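So the structure is just underneath, and the comments pick up after that.
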Amino acid sequence: MKNKFTLFHGSREIIESPSLLKSNPQNDYGRGFYCTESIELAREWACFSTDDGYVNSYELDVTALRVLNLSDKKYNILNWLALLLKNRVFAITSPVSGQAKEYITVNFSVDTSDADVIIGYRADDSYFSFAKDFVNNNITVQMLASAMFLGNLGEQVVLMSGKAFETIRFTGHSPVDGKIYNAKRLLRDKKARDEYLSTGRKVSALSEGDLFIADIIRGGIKNNDARIQRIIP
């Protein structure tokens, strides 16, 4: 993994000095400063309405920081989902979803307490809906893993500790046209949902050995189980 990152953060404001205290505890990985290496995605994230926003630019050297990279091969999609279920607001709508949330958070959680920086998927509205489909036993774990590539959201880089906030360096900002980039954000979300409904959610996509969450719970499958490692890339 590289040590130096050029990062972008989309916002309604110019943020020269990011602060952990101002962050939302109900974000994907909890309190943190959420960035991307894609300036285009940052522009879209700056415009959750048609109001104009800003892209803030930063440099981050992680050489002396502890980085938890959820894209590392030792982690899987359910490790990411466990963090999401712990931090995001998730409505329990059925007995299956209640059992699933508890089982995933107990058996697939990752300790983030020592992480200065976390790298992993971003759960935009469409991605969060895919995760809910899995928890509600509507899609398999392989379908969920495949859905994470729809919409080309890539990864987010999240500052989690005081040391990380002390290390990041603000390098500038640029304005974002809200009318243009709000439309682009909505189009990306729609495209991901359309692709998901047309291909990713089809039962015909089932592969040998693929598992629904009910199968995982009934089978007592845990994080280091060979069955889960075989089917999650």
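The values are calculated or read from the model by the stated rules, or taken from the named source; none is laboratory data. Please read these numbers as outputs of a predicted model, since none were measured by experiment. So basically every Cβ, Gly included, is an ideal-geometry build from the backbone, and we count neighbours across all protein chains shown. Side chains are part of the model used for accessible areas, which takes the heavy atoms of the whole protein and leaves out ligands, DNA and RNA. Shrake-Rupley method; radii C 1.70, N 1.55, O 1.52, S 1.80 Å.
If you roll a 1.4 Å probe over the heavy atoms of the protein chains, what accessible area per residue do you get for the chain, in Å²? All intermediate terms of the calculation are to be shown ahead of the outcome.
On the way: 11630 Å² over 233 residues.
Ligands and nucleic acids excluded, the figure is 50 Å² per residue.
Please get the size of the charge dipole for the stretch 33-148, origin at its Cα centre, with Cβ charges of +1 on Lys and Arg and -1 on Asp and Glu, quoted in debye to the nearest 20. Please report the intermediate quantities before stating the final value.
Details: 9 positive and 15 negative charges, 119 e Å.
Using only the charged Cβ atoms, the result is roughly 560 debye.
Pull out a ≥ b ≥ c, the square roots of the eigenvalues of the alpha-carbon gyration tensor of the stretch 41-174, then state rounded if a/c is under 1.5, prolate if not and a/b is larger than b/c, and oblate in the remaining case. Intermediate values should be presented prior to the final figure.
Working: a/c = 2.22, a/b = 1.44, b/c = 1.54.
The shape class here is oblate.
Give the distance, in whole Å, between the Cα centre of the stretch 127-200 and the Cα centre of the stretch 1-68.
The two parts, judged by their Cα centres, are 13 Å apart.
Once neighbouring chains are kept in place and the probe is 1.4 Å, which whole percent of the accessible area of the stretch 15-116 is contributed by carbon and sulfur? Spell out each step's value before the answer.
On the way: 2350 of 4870 Å².
After summing per-atom areas, the C and S share lands at 48 percent.
Among K2/K191; K4/K163; K22/K74; K4/K86; K86/K191, which pairs are too far apart, with a Cα-Cα distance over 22 Å?
Numbers: K2/K191 31 Å; K4/K163 15 Å; K22/K74 32 Å; K4/K86 29 Å; K86/K191 28 Å.
Over 22 Å Cα-Cα: K2/K191; K22/K74; K4/K86; K86/K191.
What's the FRET efficiency of F90 with D52 using the Cβ-Cβ distance as r and R₀ = 25 Å, to the nearest 0.05? Each step should come with its number before you reach the end.
Values: r = 32 Å, r/R0 = 1.28.
FRET efficiency, F90 to D52: 0.20.
Would you tell me the accessible area of I39, worked out with a 1.4 angstrom probe on the heavy atoms of the protein chains, in Å² to the nearest 10?
So the heavy atoms of I39 present about 50 Å² to solvent.
Would you work out the Kirkwood radius for the chain? I mean one over the mean of 1/r across all pairs of different Cα atoms, in Å. Please report the intermediate quantities before stating the final value.
On the way: mean 1/r = 0.0538 Å⁻¹.
One decimal place: 18.6 Å for the Kirkwood radius.
Relative contact order, percent, of the stretch 1-44 when contacts are C-alpha pairs under 8 Å separated by at least 6 residues? Write out the running numbers ahead of the final one.
Working: 36 pairs, mean separation 21.3, N = 44.
Contact order relative to length: 48 percent.
Report the charge-dipole magnitude of the chain in Debye, nearest 20, computed about the Cα centre from +1 at each Lys and Arg Cβ and -1 at each Asp and Glu Cβ. Could you put the intermediate results ahead of the total?
Numbers: 29 positive and 28 negative charges, 78 e Å.
So the magnitude is around 380 debye.
If each DSSP helix of 4+ residues adds -39,500 (n - 2.57) and the sum is divided by the residues in the chain, what number results at 222 nm, nearest 500 deg cm²/dmol? Display every interim value, and only then the final one.
Details: 9 runs with 86 residues, N = 233.
Helices in the chain give a 222 nm mean residue ellipticity of -10500 deg cm²/dmol.
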